[in-house]
Amino acid sequence: MSPKSTPISVSLADMLERQILDGAYRSGEKLPSLRELAQLQGHSKNTIVAAFEILVGRGLVEPRRGAGYFVTSQPARPKPDEDAGSLNRAMDIVWLMREQLKSRPDVLAVGDGFPPVEWLSEARLDKYHHKVVRTGLGALFRYGNRFGYAPLRDHLVRKLGDLGIGAEARQIVLTHGANDALDLVIRYFLQPGETALVDDPGYYPLFGKLKLAGVRIVGVPRLADGPDLEAFEQILIRERPRLFFTQSVGHNPTGSDLSAAKAFRVLQLAQKYNIQVVENDPLADFKPATLPRLSALDQLDRTLYIGSFSKSCSAALRVGFIACGADLASDLADLKALIHVSSSEYCERTVDVILSEGHYQRYITRLRARLAEATSRALALFDRLGAEVLVRPEQSLYIWAALPGVPDTLALAEQLLQEKVMIAPGRVFRVDADSPQPWSRYNVGALQDPRFEAALLKVLERR
(Lines give C-alpha, C1' and ligand atoms only; values in the text may rest on other atoms or scores of the structure.)
Protein backbone atom coordinates (compact mmCIF):
# COMPACT_ATOMS: atom_id res chain seq x y z
CA MET A 1 0.00 0.00 0.00
CA SER A 2 1.46 3.38 -0.95
CA PRO A 3 1.88 6.10 1.69
CA LYS A 4 -0.92 8.15 0.15
CA SER A 5 -3.44 5.33 0.63
CA THR A 6 -2.46 4.47 4.23
CA PRO A 7 -5.48 4.99 6.49
CA ILE A 8 -5.17 7.83 8.99
CA SER A 9 -5.75 5.44 11.89
CA VAL A 10 -2.80 3.27 10.77
CA SER A 11 -0.50 6.29 10.38
CA LEU A 12 -1.49 7.50 13.84
CA ALA A 13 -0.93 4.04 15.32
CA ASP A 14 2.51 3.86 13.66
CA MET A 15 3.47 7.23 15.14
CA LEU A 16 2.36 6.21 18.64
CA GLU A 17 4.19 2.89 18.29
CA ARG A 18 7.45 4.71 17.50
CA GLN A 19 6.97 6.93 20.54
CA ILE A 20 6.29 3.94 22.79
CA LEU A 21 9.32 1.99 21.54
CA ASP A 22 11.53 5.07 21.84
CA GLY A 23 10.49 5.47 25.47
CA ALA A 24 8.37 8.63 25.10
CA TYR A 25 5.59 6.60 26.75
CA ARG A 26 6.80 4.12 29.35
CA SER A 27 5.40 0.81 30.57
CA GLY A 28 2.23 1.35 32.59
CA GLU A 29 1.86 4.98 31.49
CA LYS A 30 -1.53 6.19 30.31
CA LEU A 31 -1.86 7.45 26.75
CA PRO A 32 -3.59 10.81 26.15
CA SER A 33 -7.38 10.60 26.24
CA LEU A 34 -9.49 10.27 23.10
CA ARG A 35 -10.59 13.89 23.46
CA GLU A 36 -7.02 15.17 23.91
CA LEU A 37 -5.69 13.30 20.88
CA ALA A 38 -8.68 14.25 18.76
CA GLN A 39 -8.08 17.95 19.53
CA LEU A 40 -4.30 17.68 19.13
CA GLN A 41 -4.30 15.68 15.89
CA GLY A 42 -7.45 17.17 14.37
CA HIS A 43 -9.01 13.73 13.84
CA SER A 44 -12.36 12.30 14.86
CA LYS A 45 -12.71 10.21 18.02
CA ASN A 46 -13.54 7.20 15.86
CA THR A 47 -10.18 7.52 14.11
CA ILE A 48 -8.39 7.72 17.48
CA VAL A 49 -10.26 4.65 18.75
CA ALA A 50 -9.29 2.74 15.60
CA ALA A 51 -5.62 3.68 16.12
CA PHE A 52 -5.76 2.53 19.74
CA GLU A 53 -7.31 -0.78 18.72
CA ILE A 54 -4.45 -1.31 16.23
CA LEU A 55 -1.96 -0.77 19.09
CA VAL A 56 -3.92 -3.22 21.24
CA GLY A 57 -3.64 -5.76 18.43
CA ARG A 58 0.12 -5.19 18.29
CA GLY A 59 0.40 -5.88 22.03
CA LEU A 60 1.66 -2.38 22.83
CA VAL A 61 -1.42 -0.99 24.58
CA GLU A 62 -4.15 -2.38 26.81
CA PRO A 63 -7.56 -0.84 27.56
CA ARG A 64 -8.66 -0.44 31.17
CA ARG A 65 -12.37 -0.03 31.64
CA GLY A 66 -13.30 3.49 32.67
CA ALA A 67 -9.64 4.60 32.82
CA GLY A 68 -8.35 4.69 29.24
CA TYR A 69 -5.52 3.02 27.35
CA PHE A 70 -2.19 2.15 28.99
CA VAL A 71 1.20 1.05 27.64
CA THR A 72 1.93 -2.62 28.27
CA SER A 73 5.23 -3.96 29.64
CA GLN A 74 6.92 -3.51 26.27
CA PRO A 75 10.66 -2.80 26.54
CA ALA A 76 11.75 0.44 24.87
CA ARG A 77 14.36 0.00 22.18
CA PRO A 78 17.71 1.68 22.91
CA LYS A 79 18.20 5.06 21.33
CA PRO A 80 21.16 5.26 18.95
CA ASP A 81 23.15 7.73 21.07
CA GLU A 82 22.60 5.66 24.20
CA ASP A 83 24.12 2.46 22.83
CA ALA A 84 27.20 1.87 24.94
CA GLY A 85 29.09 0.09 22.18
CA SER A 86 32.75 -0.67 22.72
CA LEU A 87 34.70 0.99 25.49
CA ASN A 88 37.27 1.87 22.84
CA ARG A 89 35.00 4.82 22.15
CA ALA A 90 36.11 6.22 25.50
CA MET A 91 38.88 7.81 23.47
CA ASP A 92 36.16 10.03 22.05
CA ILE A 93 35.68 12.98 24.44
CA VAL A 94 32.10 13.55 23.33
CA TRP A 95 31.29 9.88 23.99
CA LEU A 96 32.58 10.07 27.56
CA MET A 97 30.67 13.30 28.16
CA ARG A 98 27.52 11.53 26.96
CA GLU A 99 28.22 8.73 29.44
CA GLN A 100 28.72 11.25 32.27
CA LEU A 101 25.36 12.87 31.47
CA LYS A 102 23.37 9.65 31.51
CA SER A 103 21.39 8.48 34.50
CA ARG A 104 21.74 4.70 34.83
CA PRO A 105 20.49 3.42 38.17
CA ASP A 106 21.86 -0.05 37.41
CA VAL A 107 25.42 1.14 36.65
CA LEU A 108 27.83 2.24 39.39
CA ALA A 109 29.75 5.23 37.98
CA VAL A 110 33.02 4.97 39.88
CA GLY A 111 34.64 7.37 37.42
CA ASP A 112 31.96 10.04 37.89
CA GLY A 113 33.04 13.66 38.14
CA PHE A 114 30.41 14.73 40.69
CA PRO A 115 29.82 14.07 44.37
CA PRO A 116 27.07 11.57 45.17
CA VAL A 117 23.57 12.97 44.75
CA GLU A 118 22.71 12.15 48.36
CA TRP A 119 25.50 14.49 49.48
CA LEU A 120 24.28 17.39 47.34
CA SER A 121 20.62 16.87 48.17
CA GLU A 122 21.29 18.41 51.57
CA ALA A 123 21.59 21.77 49.81
CA ARG A 124 17.75 21.67 49.76
CA LEU A 125 17.19 23.50 46.47
CA ASP A 126 13.47 22.83 46.78
CA LYS A 127 12.97 25.46 49.47
CA TYR A 128 14.43 28.47 47.62
CA HIS A 129 12.07 29.17 44.70
CA HIS A 130 9.66 31.44 46.56
CA LYS A 131 12.57 33.43 47.97
CA VAL A 132 14.07 33.84 44.50
CA VAL A 133 10.79 35.16 43.13
CA ARG A 134 10.57 37.70 45.95
CA THR A 135 14.01 39.10 45.01
CA GLY A 136 12.54 40.74 41.90
CA LEU A 137 9.62 39.23 40.03
CA GLY A 138 9.63 41.75 37.18
CA ALA A 139 13.31 41.26 36.37
CA LEU A 140 12.84 37.49 36.04
CA PHE A 141 11.03 37.99 32.72
CA ARG A 142 13.85 39.92 31.05
CA TYR A 143 17.50 39.38 30.14
CA GLY A 144 19.98 40.06 32.90
CA ASN A 145 23.01 42.33 33.08
CA ARG A 146 25.88 41.41 30.73
CA PHE A 147 28.16 40.86 33.73
CA GLY A 148 25.53 38.84 35.59
CA TYR A 149 23.38 39.39 38.66
CA ALA A 150 25.03 42.16 40.71
CA PRO A 151 24.23 40.90 44.25
CA LEU A 152 25.78 37.52 43.43
CA ARG A 153 28.90 39.23 42.11
CA ASP A 154 29.07 41.16 45.39
CA HIS A 155 28.83 37.84 47.20
CA LEU A 156 31.67 36.49 45.08
CA VAL A 157 33.87 39.45 45.99
CA ARG A 158 33.65 38.28 49.60
CA LYS A 159 34.06 34.62 48.65
CA LEU A 160 37.21 35.40 46.64
CA GLY A 161 38.48 37.51 49.52
CA ASP A 162 38.28 34.43 51.75
CA LEU A 163 40.69 32.76 49.28
CA GLY A 164 43.04 35.74 49.40
CA ILE A 165 42.01 37.03 45.96
CA GLY A 166 41.24 40.74 45.92
CA ALA A 167 38.61 41.63 43.33
CA GLU A 168 35.86 44.15 42.72
CA ALA A 169 32.42 43.28 41.34
CA ARG A 170 33.37 44.83 37.97
CA GLN A 171 36.12 42.20 37.67
CA ILE A 172 33.66 39.31 37.82
CA VAL A 173 31.64 37.90 34.90
CA LEU A 174 28.99 35.28 35.63
CA THR A 175 28.72 32.38 33.18
CA HIS A 176 26.75 29.22 32.46
CA GLY A 177 29.08 27.15 34.63
CA ALA A 178 32.86 26.70 34.53
CA ASN A 179 32.78 25.05 31.11
CA ASP A 180 31.13 28.11 29.59
CA ALA A 181 33.77 30.25 31.28
CA LEU A 182 36.53 28.17 29.69
CA ASP A 183 34.82 28.48 26.31
CA LEU A 184 34.67 32.29 26.59
CA VAL A 185 38.36 32.45 27.46
CA ILE A 186 39.28 30.22 24.51
CA ARG A 187 37.18 32.30 22.10
CA TYR A 188 38.70 35.54 23.36
CA PHE A 189 42.38 34.62 23.45
CA LEU A 190 43.03 31.88 20.92
CA GLN A 191 42.92 31.61 17.15
CA PRO A 192 43.04 28.35 15.16
CA GLY A 193 46.62 27.09 14.94
CA GLU A 194 47.79 28.83 18.12
CA THR A 195 49.14 26.82 21.06
CA ALA A 196 47.75 26.38 24.57
CA LEU A 197 49.24 24.44 27.46
CA VAL A 198 47.19 22.12 29.68
CA ASP A 199 47.78 19.86 32.65
CA ASP A 200 48.66 16.33 31.50
CA PRO A 201 46.76 14.37 32.74
CA GLY A 202 44.07 17.00 32.83
CA TYR A 203 40.46 18.02 32.34
CA TYR A 204 39.30 16.19 29.20
CA PRO A 205 36.33 18.50 28.31
CA LEU A 206 38.86 21.33 28.06
CA PHE A 207 40.83 19.26 25.55
CA GLY A 208 37.67 18.87 23.49
CA LYS A 209 36.94 22.60 23.54
CA LEU A 210 40.47 23.46 22.43
CA LYS A 211 40.35 20.92 19.62
CA LEU A 212 37.00 22.29 18.48
CA ALA A 213 38.57 25.75 18.29
CA GLY A 214 41.46 24.42 16.19
CA VAL A 215 43.97 25.12 18.96
CA ARG A 216 47.13 23.06 19.23
CA ILE A 217 47.33 21.41 22.68
CA VAL A 218 50.60 20.73 24.48
CA GLY A 219 50.55 18.90 27.80
CA VAL A 220 52.56 19.92 30.85
CA PRO A 221 53.25 16.83 33.00
CA ARG A 222 51.33 17.00 36.26
CA LEU A 223 53.14 15.65 39.32
CA ALA A 224 51.94 15.07 42.87
CA ASP A 225 52.60 18.72 43.88
CA GLY A 226 51.86 20.51 40.62
CA PRO A 227 53.41 20.84 37.17
CA ASP A 228 56.83 19.47 36.27
CA LEU A 229 58.63 22.84 36.32
CA GLU A 230 61.61 21.77 34.24
CA ALA A 231 59.37 20.40 31.52
CA PHE A 232 57.14 23.48 31.83
CA GLU A 233 59.96 25.90 31.13
CA GLN A 234 61.30 23.86 28.20
CA ILE A 235 57.81 23.82 26.67
CA LEU A 236 57.50 27.60 27.17
CA ILE A 237 60.81 28.15 25.37
CA ARG A 238 59.92 25.79 22.53
CA GLU A 239 56.24 26.53 21.98
CA ARG A 240 55.71 30.17 22.99
CA PRO A 241 52.06 29.56 23.98
CA ARG A 242 49.51 32.24 24.89
CA LEU A 243 47.71 30.43 27.72
CA PHE A 244 48.31 27.78 30.35
CA PHE A 245 45.15 26.11 31.70
CA THR A 246 45.64 24.51 35.10
CA GLN A 247 43.88 23.42 38.30
CA SER A 248 45.80 24.32 41.42
CA VAL A 249 43.55 22.68 44.03
CA GLY A 250 41.69 19.37 43.93
CA HIS A 251 43.15 18.70 40.50
CA ASN A 252 40.99 16.73 38.09
CA PRO A 253 41.83 13.86 37.64
CA THR A 254 44.72 13.33 40.08
CA GLY A 255 43.28 14.96 43.22
CA SER A 256 46.61 16.73 43.78
CA ASP A 257 47.18 20.24 45.19
CA LEU A 258 49.75 22.77 44.05
CA SER A 259 52.59 23.39 46.50
CA ALA A 260 53.45 26.96 47.53
CA ALA A 261 56.97 26.72 46.07
CA LYS A 262 55.68 25.56 42.71
CA ALA A 263 52.95 28.19 42.65
CA PHE A 264 55.53 30.93 43.07
CA ARG A 265 57.75 29.48 40.32
CA VAL A 266 54.85 29.02 37.86
CA LEU A 267 54.07 32.73 38.16
CA GLN A 268 57.74 33.64 37.70
CA LEU A 269 57.82 31.63 34.47
CA ALA A 270 54.53 33.14 33.30
CA GLN A 271 56.02 36.60 33.75
CA LYS A 272 59.29 35.65 32.07
CA TYR A 273 57.66 34.10 29.00
CA ASN A 274 54.64 36.43 28.82
CA ILE A 275 51.75 34.01 29.14
CA GLN A 276 48.36 34.16 30.83
CA VAL A 277 47.46 31.48 33.36
CA VAL A 278 43.86 30.28 33.51
CA GLU A 279 43.22 28.79 36.95
CA ASN A 280 40.12 26.59 37.10
CA ASP A 281 38.95 25.93 40.67
CA PRO A 282 35.61 24.09 40.56
CA LEU A 283 36.22 22.29 43.87
CA ALA A 284 37.02 25.38 45.93
CA ASP A 285 34.24 24.64 48.43
CA PHE A 286 35.69 21.18 49.09
CA LYS A 287 39.17 22.34 50.03
CA PRO A 288 40.70 24.64 52.67
CA ALA A 289 40.89 28.31 51.68
CA THR A 290 44.51 28.38 52.89
CA LEU A 291 45.80 26.13 50.09
CA PRO A 292 48.01 27.95 47.54
CA ARG A 293 46.19 29.41 44.57
CA LEU A 294 47.95 31.16 41.72
CA SER A 295 45.33 33.91 41.56
CA ALA A 296 45.86 34.74 45.23
CA LEU A 297 49.61 35.14 44.71
CA ASP A 298 49.21 37.03 41.44
CA GLN A 299 46.07 39.05 42.31
CA LEU A 300 44.62 38.59 38.81
CA ASP A 301 47.49 40.27 37.01
CA ARG A 302 48.55 37.37 34.77
CA THR A 303 45.88 35.00 36.05
CA LEU A 304 42.22 34.46 35.31
CA TYR A 305 40.30 32.64 38.03
CA ILE A 306 37.35 30.41 37.10
CA GLY A 307 34.91 29.11 39.70
CA SER A 308 31.65 27.20 39.74
CA PHE A 309 28.81 25.98 41.96
CA SER A 310 28.21 22.80 39.94
CA LYS A 311 30.16 20.48 42.23
CA SER A 312 29.16 21.93 45.59
CA CYS A 313 25.57 23.00 44.92
CA SER A 314 23.99 21.75 41.69
CA ALA A 315 25.16 21.29 38.12
CA ALA A 316 21.57 21.90 37.02
CA LEU A 317 21.83 25.55 38.04
CA ARG A 318 24.72 26.15 35.59
CA VAL A 319 26.29 29.08 37.43
CA GLY A 320 30.00 29.81 37.18
CA PHE A 321 32.19 32.88 36.95
CA ILE A 322 35.43 34.41 35.70
CA ALA A 323 37.46 36.80 37.85
CA CYS A 324 40.15 38.82 36.04
CA GLY A 325 41.30 42.37 35.33
CA ALA A 326 38.50 44.93 34.94
CA ASP A 327 39.17 45.71 31.26
CA LEU A 328 39.33 42.04 30.35
CA ALA A 329 36.16 41.37 32.34
CA SER A 330 34.33 44.02 30.31
CA ASP A 331 35.52 42.45 27.06
CA LEU A 332 34.49 38.99 28.20
CA ALA A 333 31.07 40.32 29.27
CA ASP A 334 30.63 41.77 25.76
CA LEU A 335 31.65 38.44 24.23
CA LYS A 336 29.18 36.66 26.50
CA ALA A 337 26.45 39.04 25.35
CA LEU A 338 27.20 38.24 21.70
CA ILE A 339 27.02 34.50 22.35
CA HIS A 340 24.29 34.17 24.99
CA VAL A 341 22.83 37.70 25.36
CA SER A 342 23.03 37.04 29.10
CA SER A 343 23.45 34.25 31.59
CA SER A 344 20.49 32.94 33.59
CA GLU A 345 19.51 35.55 36.16
CA TYR A 346 17.01 33.15 37.70
CA CYS A 347 19.78 30.63 38.42
CA GLU A 348 22.10 33.40 39.60
CA ARG A 349 19.44 34.73 41.97
CA THR A 350 18.95 31.20 43.27
CA VAL A 351 22.66 30.84 44.07
CA ASP A 352 22.67 34.28 45.70
CA VAL A 353 19.77 33.31 47.95
CA ILE A 354 21.50 30.03 48.85
CA LEU A 355 24.73 31.83 49.75
CA SER A 356 22.79 34.32 51.86
CA GLU A 357 21.43 31.57 54.09
CA GLY A 358 23.37 30.44 57.12
CA HIS A 359 22.43 26.89 56.16
CA TYR A 360 24.87 26.94 53.24
CA GLN A 361 28.02 27.25 55.33
CA ARG A 362 26.86 24.46 57.64
CA TYR A 363 26.11 22.36 54.56
CA ILE A 364 29.63 22.97 53.18
CA THR A 365 31.14 22.00 56.54
CA ARG A 366 29.23 18.69 56.46
CA LEU A 367 30.17 18.18 52.82
CA ARG A 368 33.87 18.53 53.63
CA ALA A 369 33.54 16.11 56.55
CA ARG A 370 31.84 13.53 54.33
CA LEU A 371 34.53 14.00 51.72
CA ALA A 372 37.33 13.51 54.26
CA GLU A 373 35.72 10.30 55.54
CA ALA A 374 35.16 8.99 52.00
CA THR A 375 38.76 9.82 51.03
CA SER A 376 40.09 7.90 54.02
CA ARG A 377 37.96 4.86 53.17
CA ALA A 378 38.95 5.01 49.51
CA LEU A 379 42.66 5.09 50.34
CA ALA A 380 42.19 2.12 52.70
CA LEU A 381 40.44 0.23 49.90
CA PHE A 382 43.30 0.85 47.47
CA ASP A 383 45.79 -0.20 50.12
CA ARG A 384 43.94 -3.52 50.46
CA LEU A 385 44.03 -3.92 46.69
CA GLY A 386 47.77 -3.18 46.55
CA ALA A 387 47.21 -0.18 44.27
CA GLU A 388 49.63 2.65 43.61
CA VAL A 389 48.15 6.05 44.44
CA LEU A 390 49.71 9.26 43.10
CA VAL A 391 48.82 11.42 46.12
CA ARG A 392 47.17 10.73 49.48
CA PRO A 393 45.20 13.89 50.29
CA GLU A 394 43.18 14.36 53.46
CA GLN A 395 40.12 15.16 51.37
CA SER A 396 39.73 14.92 47.62
CA LEU A 397 36.85 14.03 45.35
CA TYR A 398 39.24 12.17 43.04
CA ILE A 399 41.96 9.58 43.52
CA TRP A 400 44.38 8.75 40.70
CA ALA A 401 45.33 5.11 41.14
CA ALA A 402 47.00 2.23 39.29
CA LEU A 403 46.00 -1.34 40.13
CA PRO A 404 48.56 -4.15 40.21
CA GLY A 405 48.72 -6.27 37.08
CA VAL A 406 46.67 -3.78 35.01
CA PRO A 407 48.91 -2.20 32.33
CA ASP A 408 46.04 -0.43 30.57
CA THR A 409 42.79 0.55 32.31
CA LEU A 410 40.93 0.84 29.01
CA ALA A 411 40.68 -2.95 28.86
CA LEU A 412 39.78 -3.06 32.56
CA ALA A 413 37.03 -0.50 31.96
CA GLU A 414 35.60 -2.64 29.20
CA GLN A 415 35.47 -5.68 31.49
CA LEU A 416 34.04 -3.77 34.46
CA LEU A 417 31.27 -2.32 32.31
CA GLN A 418 30.04 -5.87 31.77
CA GLU A 419 29.68 -6.03 35.56
CA LYS A 420 27.67 -2.76 35.62
CA VAL A 421 30.59 -0.67 36.90
CA MET A 422 32.00 2.25 34.92
CA ILE A 423 35.45 3.69 35.57
CA ALA A 424 37.20 6.58 33.82
CA PRO A 425 40.29 5.10 32.12
CA GLY A 426 43.46 7.15 32.26
CA ARG A 427 43.82 7.57 28.51
CA VAL A 428 40.85 9.94 28.44
CA PHE A 429 42.71 12.48 30.58
CA ARG A 430 45.94 12.43 28.56
CA VAL A 431 46.84 14.70 25.66
CA ASP A 432 48.22 11.60 23.92
CA ALA A 433 45.20 9.36 24.26
CA ASP A 434 46.71 6.52 22.23
CA SER A 435 49.27 5.36 24.79
CA PRO A 436 48.29 2.62 27.29
CA GLN A 437 47.69 3.97 30.79
CA PRO A 438 47.68 1.98 34.05
CA TRP A 439 45.96 4.89 35.85
CA SER A 440 42.29 5.72 36.33
CA ARG A 441 40.33 8.46 38.06
CA TYR A 442 38.17 7.19 40.91
CA ASN A 443 35.41 9.09 42.69
CA VAL A 444 35.78 8.59 46.45
CA GLY A 445 32.04 8.88 47.03
CA ALA A 446 31.22 6.13 44.54
CA LEU A 447 34.00 3.90 45.90
CA GLN A 448 32.03 3.45 49.11
CA ASP A 449 29.60 1.23 47.23
CA PRO A 450 30.65 -2.43 47.81
CA ARG A 451 29.71 -3.30 44.22
CA PHE A 452 32.99 -1.80 42.98
CA GLU A 453 35.31 -4.03 45.01
CA ALA A 454 33.19 -7.11 44.27
CA ALA A 455 33.15 -6.42 40.52
CA LEU A 456 36.86 -5.58 40.45
CA LEU A 457 37.91 -8.76 42.25
CA LYS A 458 35.70 -10.79 39.95
CA VAL A 459 37.31 -9.24 36.86
CA LEU A 460 40.85 -9.54 38.19
CA GLU A 461 40.31 -13.24 38.97
CA ARG A 462 39.50 -13.85 35.30
CA ARG A 463 42.63 -12.13 34.01
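Taking the 1.4 Å solvent-accessible surface of the chain as the whole, the part contributed by carbon and sulfur is 52%. Accessible area per residue was computed with a 1.4 Å probe on protein heavy atoms; Asp112 scores about 40 Å². Its relative contact order, with pairs defined as Cα atoms under 8 Å and 6+ residues apart, puts the range 8-71 at 42 percent. Figure note: Ser295, Ser27 ranked by solvent-accessible area, largest first, 1.4 Å probe, ligands and nucleic acids not counted: Ser27, Ser295. Of the listed pairs Lys211/Lys336; Lys127/Lys336; Lys209/Lys336, which have alpha-carbon separations greater than 23 Å here? From Lys211/Lys336; Lys127/Lys336; Lys209/Lys336, over 23 Å: Lys127/Lys336.
Taking Cα centre as origin and charging only the Cβ of basic (Lys, Arg, +1) and acidic (Asp, Glu, -1) residues, the dipole magnitude of the range 8-71 rounds to 220 debye. Taken per residue, the accessible surface of the range 8-71 reaches 57 Å², heavy atoms only and a 1.4 Å probe. The distance from the alpha carbon centre of the range 1-50 to that of the range 332-371 is 44 Å, rounded to a whole number. Per-residue surface analysis assigns Cys313 an accessible area of about 10 Å², computed on protein heavy atoms at 1.4 Å probe radius. Taking all Cα pairs closer than 8 Å and separated by 6 or more residues, the relative contact order of the range 122-359 comes to 29 percent. Heavy-atom accessible area with a 1.4 Å probe sorts Lys458, Lys336, Lys272, largest first, into Lys272, Lys458, Lys336. For the range 309-463, the per residue solvent-accessible surface stands at 40 Å², with DNA, RNA and ligands left out and a 1.4 Å probe.
Restricting to bridges with both residues inside the chain, how much of the DSSP beta-bridge set is antiparallel, in percent to the nearest 5? Kindly include the intermediate steps, with their values, before the conclusion.
On the way: 24 of 43 bridges.
Among the beta bridges of the chain, antiparallel pairing accounts for roughly 55 percent.
Pairs of Cα atoms nearer than 8 Å and 6+ residues apart set the relative contact order; for the range 384-463 it is 31 percent.
Give the shape of the chain as rounded, prolate or oblate, defined through the alpha-carbon gyration tensor: a ≥ b ≥ c are the square roots of its eigenvalues, a/c under 1.5 means rounded, and otherwise the shape is prolate if a/b is larger than b/c and oblate if not. Because a/c hits 1.5 or more and a/b exceeds b/c, the chain counts as prolate.
With the whole protein complex present, Ser9 retains an accessible surface near 20 Å², based on a 1.4 Å probe. Each of Leu212, Gly144, Ser295 was scored by the projection of its Cα onto the charge dipole of the range 122-359, and the greatest displacement toward the positive side belongs to Gly144; charges sit on the C-beta of Lys, Arg, Asp and Glu. Legend: helices of the chain (whole DSSP H runs) are marked when their alpha-carbon atoms reach 30 angstrom or more along the helix axis and their mean Kyte-Doolittle hydropathy is at least -1.0; marked are 358-385. Ordering Thr72, His359, Gly161 by Cα displacement along the dipole of the chain toward the positive end leaves Thr72 in first place; charges were set at the Cβ atoms of Lys, Arg (+1) and Asp, Glu (-1).
Need one word for the range 139-268: rounded, prolate or oblate. Basis is the Cα gyration tensor (sqrt eigenvalues a ≥ b ≥ c); a/c below 1.5 gives rounded, then a/b vs b/c decides. Walk me through the intermediate numbers first.
Working: a/c = 2.23, a/b = 1.45, b/c = 1.54.
It comes out oblate by the Cα gyration axes.
In the chain, taking the dipole from charged Cβ atoms about the Cα centre, the farthest positive-side position among Val266, Val277, Val132 is held by Val132. The residues Ser256, Ser435, sorted by heavy-atom accessible surface at 1.4 Å with ligands and nucleic acids left out, run Ser435, Ser256 from largest to smallest.
With only Lys, Arg, Asp and Glu charged, each at its Cβ (+1 for the first two, -1 for the last two), find how big the charge dipole of the chain is about the Cα centre; round to the nearest 20 debye. Please report the intermediate quantities before stating the final value.
Values: 58 positive and 55 negative charges, 215 e Å.
In total the dipole reaches around 1040 debye.
Indicate the gyration tensor shape class of the range 181-248 (rounded, prolate or oblate), computed on the Cα atoms with a ≥ b ≥ c the square roots of the eigenvalues: a/c under 1.5 is rounded; otherwise a/b larger than b/c is prolate and the rest oblate.
Details: a/c = 2.17, a/b = 1.40, b/c = 1.55.
Verdict is oblate for the range 181-248.
Here is the result for the range 378-440: no chymotrypsin sites (Phe, Trp or Tyr not before Pro) lie in DSSP coil with at most 15 other C-beta atoms within 10 angstrom of their C-beta.
The values are calculated or read from the model by the stated rules, or taken from the named source; none is laboratory data. This structure is a prediction, so every number in the text was calculated from the model and none was measured. So basically every Cβ, Gly included, is an ideal-geometry build from the backbone, and we count neighbours across all protein chains shown. The area values use the complete protein model at the heavy-atom level, side chains included, leaving out ligands, DNA and RNA. Shrake-Rupley method; radii C 1.70, N 1.55, O 1.52, S 1.80 Å.
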